[in-house]
Amino acid sequence: MSDHNHYADHAGTEVAPAQTKTIWKVFYILAAITTLEFIIAFTIKAGYFKTSVFVGLTIVKAFYIVGEFMHLKHEVKGLIWAILLPCLFVCWLLLALMLEGGSIFQLR
């Protein structure tokens with residue numbers, strides 16, 4: 001038969017070690033942000049400030065998850081801005097609609 005060795009093709013390559021340290025770092029950062037959200041939820045009464053903080057922290061968590069797990073932070077800057085700007089405009093729209101939508105009940 002053939003003298004071809006199946007393992008000889010991969011002799012110079014190494015398997016990258018598991019990135020458990022990075023995964024735990026991401027876990028602790030997201031857990032800290034979530035803990036901060038819970039503290040704010042139970043200590044501050046409802047209002048504009050509380051809504052703004054929740055929306056802001058949710059955006060921070062979403063961008064961090066997208067950057068780490070979807071590897072967006074390793075992409076070209078033009079692609080990052082092409083994704084982030086529409087997302088920021090949508091978040092601004094949601095916040096504006098929430099604030100202005102509440103004013104309709106004050107008019108009645």
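Evaluated against (1) at pLDDT 85 or above; (2) open to solvent by 100 Å² or more (accessible area, probe 1.4 Å); (3) aliphatic (A, V, I, L, M), residue 1 falls short on exactly one condition, (1).
Regarding residue 30, is this residue touching a Leu at 6+ places or on another chain (Cβ under 7 Å) and either surrounded by fewer than 12 Cβ atoms within 10 Å (Cβ to Cβ) or modelled with pLDDT of 80 or more (or both)? Answer is no for this residue. Show the residue pairs meeting these rules: Cβ distance below 6 Å; 6+ apart or different chains; first residue within the stretch 51-76 and on the phi < 0 side of the Ramachandran plot; second residue open to solvent by 70 Å² or more (accessible area, probe 1.4 Å) and part of a helix (DSSP H, G or I). Correct list of pairs: 67/73.
Within the stretch 33-77, the set of residues being outside any helix (DSSP H, G or I) and either under 27 Å from residue 101 (Cα atoms) or open to solvent by less than 80 Å² (accessible area, probe 1.4 Å) (or both) comprises 44, 45, 46, 47.
The values are calculated or read from the model by the stated rules, or taken from the named source; none is laboratory data. Everything numeric in this text was worked out from a predicted model, so none of it was measured. Cβ coordinates were reconstructed from backbone atoms using ideal geometry, including for glycine residues, and neighbour counts include every protein chain displayed. Heads up: the accessible areas ignore ligands, DNA and RNA and are worked out on the full protein's heavy atoms, side chains in. Shrake-Rupley method; radii C 1.70, N 1.55, O 1.52, S 1.80 Å.
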